[in-house]
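The values are calculated or read from the model by the stated rules, or taken from the named source; none is laboratory data. In this text, all values refer to a predicted model and were calculated from it rather than measured experimentally. Glycine gets a Cβ as well: all are built from the backbone with ideal geometry, and neighbour counts include every protein chain shown. Surface accessibility is based on the protein's heavy atoms, side chains included, excluding ligands, DNA and RNA. Shrake-Rupley method; radii C 1.70, N 1.55, O 1.52, S 1.80 Å.
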Amino acid sequence: MTDQSFETLAIHAGQAADPATGAVVPPIHQVSTYKQDHVGGLRGGYEYSRSANPTRTALEENLAALEHGRRGLAFASGMAAEDCLLRTLLRPGDHVVIPNDAYGGTFRLFSRVVERWGVEWSVADTSDPAAVRAALRDRTKAIWVETPSNPLLGITDIEAVADVARTAGARLVVDNTFASPYLQQPLALGADVVVHSTTKYMGGHSDVVGGALVTGDDELGEELAYHQNAMGAVAGPFDAWLVLRGIKTLAVRMDRHCANAARIAELLTGHQSVTEVYYPGLPGHAGHETAAKQMRAFGGMVSFRVTGGEEAAVRVCDRARLFTLGESLGGVESLIEHPGRMTHASAAGSALQVPADLVRLSVGIESVDDLLTDLTEALS
Ligand SMILES: *Cc1c(COP(=O)(O)O)cnc(C)c1O
């Protein structure tokens, strides 16, 4: 099965027709417990739905196939997946290197929650492998990377940082939410674990919150599965089903997200009210060559800075009509937001603070002409 191409796996991996009825889509097994034929006589290993549920199993097998991993695990949210991973990997006194433009929730998890359990962390510019190496300590157990990053679309060379991690005996974790496995497969580039908020491109329709972990290491996969069951923040059957349905169209959606985002980045680059555009597809972007090497295309996220400072940036967000003002990303509908006051408000005053005149777009799959018109009007 794993010889098949991404588009085929997205539709079929983990989703053989239902043996009982032939249903071509995995049923939503909305159930908590399973009849045993005799004590310990489980049918297909199902005992209790926190431990395993057939709809979730279908998603977990699908995720493993798409990331070319050996074990996929589905959670109630991206943050639940991150929490499970950190509590599996780390002990008091351990240290983690995190990126200087991490997702705000990831930063909050380290700085406000995990730190209280005696885990140390420090911030590095992961787009510079030498800076990551310089941040290592004796007890560095993990290096955390997001590429492209949020909201500045920074690019980290996954292979180069995987080398740093290997020599340090640390695990390399890549949050692949912005790229999706269609555009980038970190395990093949040397990462140990991939993290997803399936809420975003994987679900793709702004109708579900979910998370995932995928690893190529069987032993780590077992440990993560043990903690997933022990801690219990699993994806419910209906949520797992929604993510599975979203993934079937991931490839075609991403193609359109990328094409639309490239056109919008082009419009913004020449615009008189825009001082800087952050899109890895632009030849002038600092990470352009690395992105071209490790990604199939450059993604659907575009950020930009405007003349006139914070007030002007907020005004652009308020004036957009087709771009919906809202947090989150990766859905079919275009979104616009002001990171400084919205998604990244919790990073204010920290090393992760974002520019006040920054606007972030999650470019959807509507007609690009309508999107260009809306942005032009919002900027005028
Ligand atoms: C949204 C997001 C998360 C957190 O996922 P939730 O599903 O909201 O818990 C983590 N990382 C990135 C890059 C995200 O965009």
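Computed values, structure above
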quantity: Relative contact order (percent, whole number), region 250-379, Cα cutoff 8 Å, 6+ residue spacing; calculated: 27
quantity: By average C-beta atoms within 10 angstrom, highest first, the peptides 229-235, 306-312; calculated: 229-235, 306-312
quantity: Pairwise FRET efficiency - E47 versus A134, Cβ, R0 = 51 Å, nearest 0.05; calculated: 0.60
quantity: Counted charge near H338, where neighbours are those whose Cβ lies closer than 15 Å (Asp, Glu -1; Lys, Arg +1); calculated: -1
quantity: In Å², nearest 10: area of C317 left accessible to a 1.4 Å probe; calculated: 0
quantity: Cα gyration tensor shape for region 250-379, rounded if a/c is under 1.5, else prolate or oblate; calculated: rounded
quantity: Pairwise centroid distance, computed over Cα atoms, of region 4-53 with region 241-308, Å; calculated: 36
quantity: Accessible area of region 6-247 belonging to carbon and sulfur atoms, whole % at 1.4 Å probe; calculated: 51
quantity: Calculated [θ] (222 nm, deg cm²/dmol) that DSSP helices of n ≥ 4 give over the chain, each run adding -39,500 (n - 2.57); calculated: -10500 deg cm²/dmol
quantity: Degrees separating the helix 218-231 axis from the principal Cα axis of the chain, which is the longest one; calculated: 90
quantity: Contact order normalised by residue count of the chain, Cα under 8 Å, 6+ apart, percent; calculated: 17
quantity: Two-site label geometry, S32 and F238: point separation in nm, points 7 Å out along Cα→Cβ; calculated: 1.6
quantity: Between region 353-370 and region 71-97, the Cα center-to-center distance that results, in Å; calculated: 30
quantity: Charge sum, other residues only, whose C-beta stays under 11 Å from V368's C-beta, Lys/Arg counted +1 and Asp/Glu -1; calculated: -3
quantity: Region 168-270 shape via C-alpha gyration tensor axes, a/c threshold 1.5; calculated: oblate
quantity: Cut-off 10 Å between beta-carbons: net charge of the residues surrounding Y182, Lys and Arg +1, Asp and Glu -1; calculated: 0
quantity: Packing-based ranking, highest mean first, of 109-121, 191-203 given that Cβ atoms within 10 Å are counted; calculated: 191-203, 109-121
quantity: Folded to 0 to 90 degrees: helix 250-269 orientation relative to the chain principal axis, Cα; calculated: 10
quantity: Where labels lie 7 Å past Cα in the beta-carbon direction, separation of R319 and A286 in nm; calculated: 3.0
quantity: Ranked packing of 218-225, 142-149, most packed first, by mean Cβ within 10 Å; calculated: 142-149, 218-225
quantity: Rounded, prolate or oblate (a/c below 1.5 giving rounded, otherwise prolate when a/b exceeds b/c) for region 78-162 by Cα gyration tensor; calculated: oblate
quantity: Helix axis angle, 54-66 relative to the chain longest principal axis, alpha carbon, degrees; calculated: 50
